[in-house]
Each structure stands twice: as C-alpha cells, then as structure tokens.
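Chemist: The structure follows.
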Amino acid sequence: MTKKLFSAAALALLPALAQAAELDGATLSLAWGLPFAGILLSIALFPIFAPGIWHHHFGKITAVWTVLFLAPFAVAYGLGTSMALIVHALFAEYIPFIVLLFSLYTVSGGILVWGSLHGSPKLNTAILAIGTVLASLMGTTGAAMLLIRPLLRANEKRKHNVHVVVFFIFLVANVGGGLTPLGDPPLFLGFLKGVSFGWTVQHMALPVLVLSLALLAIFYVLDSHFFKKEAQAGTLPEIDRSKDKPIKLHGKRNLFLLAGIISAVLMSGVWKPGVQFDIMGTHVELQNIVRDLALIGLAFASLWITPKQVRAGNEFNWDPILEVGKLFAGIFITIGPVIAILRAGADGHLAGLVRMVSDANGQPVNVMYFWMTGILSSFLDNAPTYLVFFNLAHGDAQVLMGPMADTLLAISMGAVFMGANTYIGNAPNFMVKAIAEHRHVKMPSFFGYLGWSCAILLPLFVLMTLIFF
C-alpha cells in the first residue's frame, strides 16, 4: 500500500518536475529575491558586527536564509517545483562549480613554492604579473591557489600587506582570467554556447593587457610607498641574505594533474556525444558527468601522490573550500528567482534594468551592456549573469561574434573584470580572502573591500569605457 501511494505521489509530481527547472520570471515578484539579499547582507555585516558568531555559524546562517526561501516557495508553487529548483541549482550549477574549485584547490595545494622570498615591491609585482598570465592558462582559481601562499609567506612580516592580497584578487583571481575560455567561468560558458576559443583570445587580449598593466603600475607605486614608509619607521625585518635558500618547486607531479584538469574542462566543451539524462526537468549531459568524475579522480590522485610535508609547507587545510562550498550552496539556490526575473527581460519586474541596455530603436547600447553586466556580476555570480546578457543581446554565438562583436566584448569584459568588485563576484575572491585570514592577514570587511574596488577599479573601468566603447 505504501509503495502504491509513493508511486501515485511521484506520478502526480512529474508534470511539475518536468517544467520546474526553468522558472517563469515574468510571474515572479522581487520579494522572492529577499533571501538571496539576506545572504549577501549576512556576508557583508556579520563579520563586522558579530565576527565570532559568523566564524562559527556562517553555514547555519546561510542554511536559515535558504530555508526561509524554500519553505514559502514550496507553499506557493508546490513541492515538485521546489524540488526541481533545488535539483537544477545543484546539478546544473553548483556541483560542476564546486567540483572544479575542489579539484583546483586540492591539486594546486599539492604544489609548494619554497625558498627565500622577501616581499619587496619588485618581487610582489613580479608574482602578480606571473599569476595574471597563469590565470588564463589554468583558470583564476588554479592560479590563485598556486601563488597566494608563497605571496603571503613573502609578506608575512610586513606591517602593510593587506593591499598585496587585494591587488592579487583584482589581477590573479579576476582580470588575468579574461584572455581565454579556460580563465574564467563566464567565458567558458560562452565557449560552450559556440563562442570560439580564438575569438575570445583575439578580442579580449587588448582589454586584459591594458587593465593588467594599469593595475600592476598602480600596485608597484602603492607597494613602494608602503615599503618606504615601513623602512623609515624601522618596522621592516632585517634580511640576512647569506641564509637565503634557492627557490624550489615541490610536488611537481601535480602539474600533470593540473594539465589533466584543463584537458577535462576542454573535453566537456569539445566532445558532444548527444547523450543526456533528465533529472526532474534538468538535463545533465554525459560529457559533463565524465568531466566532473575525472576532476574528482584527479583531486584524489593528488591527495594520494603528494607527500604530507608538501601540504604541510602550504599550511593546507579544508577550511577555505568548505566556507565557499557552504556559502555558495545557499547562493545558488536562492539566486534562482533573481536570474529568472532577469531572463524574463521586458516582461519581468527588472524590466527597467533590461531596457537600459537598448536604445529606442532596439539597438544594443554597448556601454550599458558593459556596466550592467559588470554591476550585476559584482553581486550575483558572474557566470549566470553573463548568460543572461548573452541571451538578451541575441543568443546566437555566430551573430554575436560577427556584427555584434562589440556587444559580446562588452558582456565579456563586464562579467570578467567587474567580478573583482566584491568578495562574492567570483568564487576565487572568497577563497583567497579565507586563506589570507587563516594566515592572520586582517582582510577588509565586505564594505571595506568594496571601498578598495571603488577607489582603484571604478576609475579604470571608466577609462576602459572611453577606450573600447
């Protein structure tokens, strides 16, 4: 009897499950976005006013906001729609996202750059420049996780070191990833939608170069100022270079695993077997399943082959990836209605924002595409925001790469560059912050970091607007 009731209930839910993966944003009120806003405000305010509570209970606080969204949503739209929403958030977005971060975090944590590094302006600028280049080759997360620890060790005895991490987030965790589809998730999504690898390299090369050089120059001047200030105050540690040890790279076998991660990601964009599985209305393609399993396998292979001393030298632990995992689980679930409303375009409750990117004749206003994509990418996840404006502009990669190339460039630049504006604009931002705080760097609060980005990045974005649009 119980089995019959369960089967009947499942059959009753099937129609809702089949249609629930994509919410109808035209019918959704902005009130459904309040729990998402609650998570963002919690991330911003708790570390300022109740840091102890946040440190010990951020996962629970995120879970409360998630339940405050799901419970009334289930009442309003039914259990089937709610379950399908969760499944879509998990299988289409969160699992691929966290698996890639987990694999890059684990493998890069098995590579130890060891030797005598002294945090001078020249060395710090050089590390930032190397990381900026690597970000487009191995992804912003991979490059950030590889270089943040040696950079922190080099500057751990300096009185002024917060700016070093802030500019690291600007350059290595964001801007540097703009050159190739491997660099940043928004560009990879564009690659999956048909934007060619070569188009991204060709069109993003100059914007990435201009912004990177500007940021590196500003950083060198600022770091030189603080370095001289510390030297005059006598707070710089004395360096006995006779005891310096040469720079060595340990855990080199993990470099092959990093190459494997890059290959698995590329495979999922090139290999199209046409096999997919329907999970409550969410279509999961075979190549993505193979990619995620490969990434998990590579991560565990790294744990197996890497000597414990190497990870100990990196002070490797799971806290940063656990923090990101818990926070973004809530973000990906509660962000669903906000993205759906944006996708509804002129029919949704954010129609005013959508209308700002087109003129009276319906032609794209590229300046607004750049700024609107960027501003929303600062507070929403930049990957789905990229997709929203990609589809809003036209949705056909061939058209966007051709007569609408400037519009696609505006969307790409906005999503990648302005993900640096806040800690939540791009996942590596939060991971770098967590690692720095674990190494006792007093990182700025959410609003403090926003102050840095407004002072440094916004004037440069105005300059980029004048140059490219």
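The values are calculated or read from the model by the stated rules, or taken from the named source; none is laboratory data. Bear in mind the structure is a predicted one, so any value in this text is a computation, not a measurement. So basically every Cβ, Gly included, is an ideal-geometry build from the backbone, and we count neighbours across all protein chains shown. Remember, those area values only see protein heavy atoms, side chains included, never the ligands or the DNA or RNA. Shrake-Rupley method; radii C 1.70, N 1.55, O 1.52, S 1.80 Å.
Chemist: Considering only protein heavy atoms, what is the solvent-accessible area of residue 347 at a probe of 1.4 Å, reported in Å² to the nearest 10?
Modeler: 120
Chemist: With a 1.4 Å probe and all protein chains left in place, how much accessible area per residue does the chain have, in Å²?
Modeler: That works out to 44 Å² per residue.
Chemist: Find the all-direction average of the projected area of the Cα convex hull for the stretch 358-469, expressing the result in square nanometres with one decimal place.
Modeler: 7.5
Chemist: Next question. Which links in 248/433; 229/252; 245/326; 245/442 stretch past 32 Å when you go from one Cα to the other?
Modeler: 229/252; 245/326
Chemist: Using +1 on the beta carbon of Lys and Arg, -1 on that of Asp and Glu, and nothing else charged, what's the dipole of the stretch 199-327 about the Cα centre, debye to 20?
Modeler: Around 460 debye, computed over the stretch 199-327.
Chemist: Here is a follow-up. Residue 49 to residue 233: extension gain in nm, 0.36 nm per residue of separation minus the Cα-Cα distance?
Modeler: Separation in residues times 0.36 nm, less the Cα-Cα distance, equals 63.0 nm.
Chemist: Show me 456-468, 185-197 ranked by packing, highest mean number of other Cβ atoms within 10 Å first.
Modeler: So the order, starting with the most tightly packed, is 185-197, 456-468.
Chemist: May I pose another question? In the chain, if the dipole is taken from +1 on Lys/Arg beta carbons and -1 on Asp/Glu beta carbons about the Cα centre, which of 303, 456, 409 is farthest to the positive end?
Modeler: 303
Chemist: Given a Förster distance of 45 Å, report the FRET efficiency between residue 271 and residue 454 from their Cβ-Cβ distance, rounded to the nearest 0.05.
Modeler: Rounded to the nearest 0.05, the efficiency is 0.60.
Chemist: To the nearest 0.05, what FRET efficiency results for residue 252 and residue 353 with a Förster distance of 56 Å applied to their C-beta separation?
Modeler: That gives a FRET efficiency of 0.70.
Chemist: If you don't mind, another one. If the cut-off is 27 Å between C-alpha atoms, which lysines fall inside it for residue 193, apart from same-chain ones fewer than 8 positions away?
Modeler: 272
Chemist: Using θ = phi - 60° and the Karplus form 6.51 cos²θ - 1.76 cosθ + 1.60, what ³J(HN,Hα) does each residue of the stretch 224-232 get, whole Hz, x for Gly and Pro?
Modeler: 4, 4, 5, 5, 5, 4, 5, 5, 5
Chemist: If the only charges are +1 at each Lys and Arg Cβ and -1 at each Asp and Glu Cβ, what is the size of the charge dipole of the chain around the Cα centre, to the nearest 20 debye?
Modeler: For this selection, approximately 1460 debye.
Chemist: Here's something else I'd like to know. Please compute the length gained on full extension between residue 57 and residue 74, using 0.36 nm multiplied by the number of residues separating them and subtracting their Cα-Cα distance.
Modeler: Length gained between residue 57 and residue 74: 3.6 nm.
Chemist: Report, in deg cm²/dmol and to the nearest 500, the calculated mean residue ellipticity at 222 nm for the chain, where each DSSP H run with n ≥ 4 adds -39500 (n - 2.57) and the sum is divided by the residue count.
Modeler: Mean residue ellipticity at 222 nm (helix-derived): -23000 deg cm²/dmol.
Chemist: Let me ask something additional. Between residue 156 and residue 202, 0.36 nm times their residue separation minus their Cα-Cα distance comes to what?
Modeler: Using 0.36 nm per residue and subtracting the Cα-Cα distance, I get 12.7 nm.
Chemist: Still on this structure, please answer the following. Let me know the Rg and Dmax you get for the chain when you use only its Cα atoms, in Å.
Modeler: Cα-based Rg and Dmax for the chain come out at 22.7, 83 Å.
Chemist: Using heavy-atom solvent-accessible surface (probe 1.4 Å) with all chains present, what is the largest-first order of 283, 56?
Modeler: Accessible-area ranking of 283, 56, largest first: 56, 283.
Chemist: Using a ≥ b ≥ c from the Cα gyration tensor of the stretch 164-315 (square roots of the eigenvalues), is it rounded, prolate or oblate, where a/c under 1.5 gives rounded and otherwise the larger of a/b and b/c decides, a/b for prolate?
Modeler: Since a/c reaches 1.5 but b/c is at least a/b, the shape of the stretch 164-315 is classed as oblate.
Chemist: Next up: Hey, got the dipole for the stretch 225-294? About the Cα centre, +1 on K and R Cβ, -1 on D and E Cβ, debye to the nearest 20?
Modeler: Magnitude of the dipole: close to 420 debye.
Chemist: Going toward the positive end of the dipole of the stretch 301-416, with +1 on Lys and Arg Cβ and -1 on Asp and Glu Cβ, which of 391, 313, 335 do you reach last?
Modeler: 313
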